[in-house]
Amino acid sequence: MKILDPTTVDSWDRQVTSLPGASFFHGTAWATVLKKSYGFTPVYFTKTEGRLSAAVPLMEVSSFITGKRAVSLPFTDYCEPLVPHLEVSKVLFEAMIQEGKKRQWKYIELRGGTDFLGDGPASAWFYRHTLDLTSGDAKLFKGLRDSNRRNIKKAQKENVEVRFEDNLDALREFYRLNCLTRRDHGLPPQPWQFFERLHEGILARGMGAVALAFFRDNAIAANVYLHANGEVIYKYGASDKAHQNLRASNLVMWEAIKQYAARGFKSLCFGRTEPENEGLRQFKTGWGAEETVINYFRYDLAANAFVSEPKTVSARANQVFSRMPIPVLKVAGKLLYRHMG
C-alpha cells in the first residue's frame, strides 16, 4: 500500500484508466484543478502489483470553518474507489482510518463506494442519470420527453444559436450566467480563479467545452462539459431566467448530445440529483437517461463509526445569498467556497 499525489506521477493517467470503473474524475487533470484552485492536498491510497491494481482518491480539506477531513473528491458528484475485491478494500480502508487519525481528520467521506465498503451504511444518497449516446440522433430524439422536444423546437424557431467554445471568454460568459443562477438558488458561486484553472488544466487541453446559447448575440444559457475516455460529464449549467421562455437550456443540452454522439462518445452523465429535488430529477429523466443511485459514506474517526451526512447550508443562509448583489456574492464565493468542499 502506498499513499501518493497523482499530480506528481507522470504515468498516473495511463495506469488509472486501465482500472475498471475509472472516470474523468480519477485523472490528474481534475486533481490538479482542485489542488491549484483550493489548496486541497491529494492523499491517494493505492496498491501496486507490478502495476497499479487499486486506487482510492482522497483529498485533505483543511478549513477553520468546517474542519479538517478527507473527501473523495471535493466538488465531485461521484468518485468510486477502484478496488478489485473486498479483501483489498479492507486493507486500504484500515490504512485510511489510521492515516486519518494521524492527520487528525474529523471524518472520511466517500462519494460512491458501495462495492468497496460492503455493508457500510450510507450517510446520504443521490440519483445519477446517464444517457447512452450510441443509438443515433433519431432514436435519441425519440427518447426525449414530449415537453423537451417541444422546447427544443421552440428555441430553434426563436433563432437561438448554440456555439461550442473552449476559450476563456466563453467561460467568462458562463461565469456571468452562473452567478445569476447561483443567486437564484441561494448559493455563492465558485470563485473565478477556479474557472481559470479549469480552462488551463482541462478545456485548453481538449478535455472539455462550454456550450453557449445566444439570442440576438447575447449569451442567455450555458453548460460546461468535461470529457475523456468515451464519457461526457455535464458538470455545470446556468441561464438567465429573464429569457426562460425561449427554452435555450433545452437546446443547449440537445446540441451537446448530438455533437458528442457524432464524435463517438459512448455516454453522457448528468451528475447527481438530491432526492428531494424532483424538478431537477424530472429534467434529467426527460432526456431518456437511465436512473441509478449513488451512495455516499461518511466515517467519523472519533466515533469509529459510519454517520449520517448533515445538511451544510441552511434555509436562512439561502435567503441571505439570494438577496446579495452579484459583486458581493462573488466575494462571498471567493471567501467561502473552498470550505464547502
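Once you reduce segment 234-259 and segment 76-112 to the center of their Cα atoms, the two points are 37 Å from each other.
The fraction of accessible area contributed by carbon and sulfur in segment 42-132 is 50 percent, rounded to a whole number (1.4 Å probe; ligands and nucleic acids excluded). Rolling a 1.4 Å probe over the protein heavy atoms gives segment 90-198 an accessible area of 51 Å² per residue.
Using just its DSSP H runs of length 4 or more, each adding -39500 (n - 2.57), the chain gives a mean residue ellipticity at 222 nm of -11000 deg cm²/dmol after division by all residues. The percentage of C-alpha pairs in segment 260-341 whose separation is greater than 18 Å is 67%. The alpha-carbon of Lys101 sits under 12 angstrom from the alpha-carbons of these aspartates and glutamates, leaving out residues fewer than 8 places away in its chain: Asp300.
When Rg and the Kirkwood Rh are both derived from Cα coordinates, the Rg/Rh ratio for segment 209-263 amounts to 1.00. Segment 139-197 and segment 272-341 have their alpha-carbon centroids 19 Å apart. Against the empirical curve 2.2 N^0.38 Å, the C-alpha radius of gyration of segment 87-172 lands at a ratio of 1.90. For the chain, a crude dipole built from +1 on the beta carbon of Lys and Arg and -1 on the beta carbon of Asp and Glu, taken about the Cα centre, is about 800 debye to the nearest 20.
Take the convex hull of the alpha carbons in the chain; its mean projected area over all directions comes to 17.1 nm².
Taking a threshold of 24 Å on the Cα-Cα distance, which of the pairs Lys139/Lys284; Lys36/Lys235; Lys36/Lys330; Lys36/Lys266; Lys2/Lys266 fall above it? Among Lys139/Lys284; Lys36/Lys235; Lys36/Lys330; Lys36/Lys266; Lys2/Lys266, the Cα-Cα distance tops 24 Å for Lys36/Lys266; Lys2/Lys266. Along each principal axis, taking the top coordinate minus the bottom one, the Cα set of segment 182-329 gives 53, 39, 33 Å in descending order. Using C-alpha pairs below 8 Å separated by at least 6 residues, the relative contact order for the chain is 23 percent.
The values are calculated or read from the model by the stated rules, or taken from the named source; none is laboratory data. Keep in mind the model is a prediction, meaning the values are calculated, not measured. Every residue, glycine as well, gets a Cβ built from its backbone with ideal geometry; the counts of neighbours run over all protein chains shown. Accessible surface areas use protein heavy atoms only, side chains included; no ligands, DNA or RNA. Shrake-Rupley method; radii C 1.70, N 1.55, O 1.52, S 1.80 Å.
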